Amino acid sequence: MTGYLKSRELDSAWELFSRMEKRTIFTWNAIIIGFVQGGRAKEVFDFFHEMLSLSKGGVWPDMIMILRVLSACTPQLGAIEQGTSIEQGTWVHNYLRVHDLDCDVVIGTALVDMYGKCGYVQEAYDIFREMPKRDTLVWTAMISSFAE
């Protein structure tokens, strides 16, 4: 499957993935990362929601997946329109809150970046202000949000 994803044969990768009897966090991450890199954000959200609906099987999103799904929420990916981008990004952000998942500096930076690129500078700034720890990447994301 990863061979198909690396060569951008996304439909072939999806066909193989859909026939898998047992999917792990590694296979879910691979398909999501491949489709993000392939610019197919709509499918990324479909996969993410499907994985969550099947999570009774013991597969829960990890931070790598959350980062990739958030990166698919920006209109710059070009696969979905801006309104849908922010709706999906807000949904992921709320998922993090509801499930009390740690919002470390990496996830916080991804949220600042996502909100900023979607034009929601105040939301980006609110997250930035709430972050107990900030590095140069989050400062860059925040400054870029103000510049857009």
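A few points about this structure:
- Pair list, Cβ under 7 Å, 6 or more apart: segment 15-28 residue under 14 Å from TYR4 (Cα atoms), other residue not in a helix (DSSP H, G or I): LEU16/MET1; PHE17/MET1; THR27/MET1; THR27/MET20
- With respect to the conditions (1) at pLDDT below 90; (2) surrounded by 20 or more Cβ atoms within 10 Å (Cβ to Cβ); (3) more than 27 Å from LEU10 (Cβ to Cβ); (4) of a type outside the set (S, T, N, Q), ALA41 falls short on a single one, namely (3).
- Total residues in segment 96-126, condition open to solvent by less than 40 Å² (accessible area, probe 1.4 Å) and free of Cβ contacts under 8 Å to residues at least 24 places away in the same chain: 1
- One residue stands out among those in segment 74-94 that are open to solvent by less than 20 Å² (accessible area, probe 1.4 Å) and modelled with pLDDT of 85 or more: the one that is farthest from the chain's Cα centre (by Cα), which is HIS93.
- Among residues of segment 25-38, those that are farther than 18 Å from LEU54 by Cβ and open to solvent by less than 20 Å² (accessible area, probe 1.4 Å), counted: 2
- Residue under evaluation THR90, criteria (1) closer than 20 Å to VAL44 by Cβ; (2) outside any loop (DSSP other than H, G, I, E, B); (3) touching a residue at least 12 places away in the same chain (Cβ under 8 Å), criterion not met: (3)
- Some residue of segment 32-42 being in a helix (DSSP H, G or I), more than 21 Å from ASP62 (Cβ to Cβ) and in contact (Cβ under 8 Å) with a residue 24 or more places away in the chain: yes
- Flag for ASP46 being surrounded by fewer than 20 Cβ atoms within 10 Å (Cβ to Cβ), part of a helix (DSSP H, G or I) and at pLDDT below 90: yes
The values are calculated or read from the model by the stated rules, or taken from the named source; none is laboratory data. Small disclaimer: the values here were computed from a predicted structure and weren't measured. So basically every Cβ, Gly included, is an ideal-geometry build from the backbone, and we count neighbours across all protein chains shown. Protein only, heavy atoms only, side chains kept; ligands, DNA and RNA dropped before computing areas. Shrake-Rupley method; radii C 1.70, N 1.55, O 1.52, S 1.80 Å.
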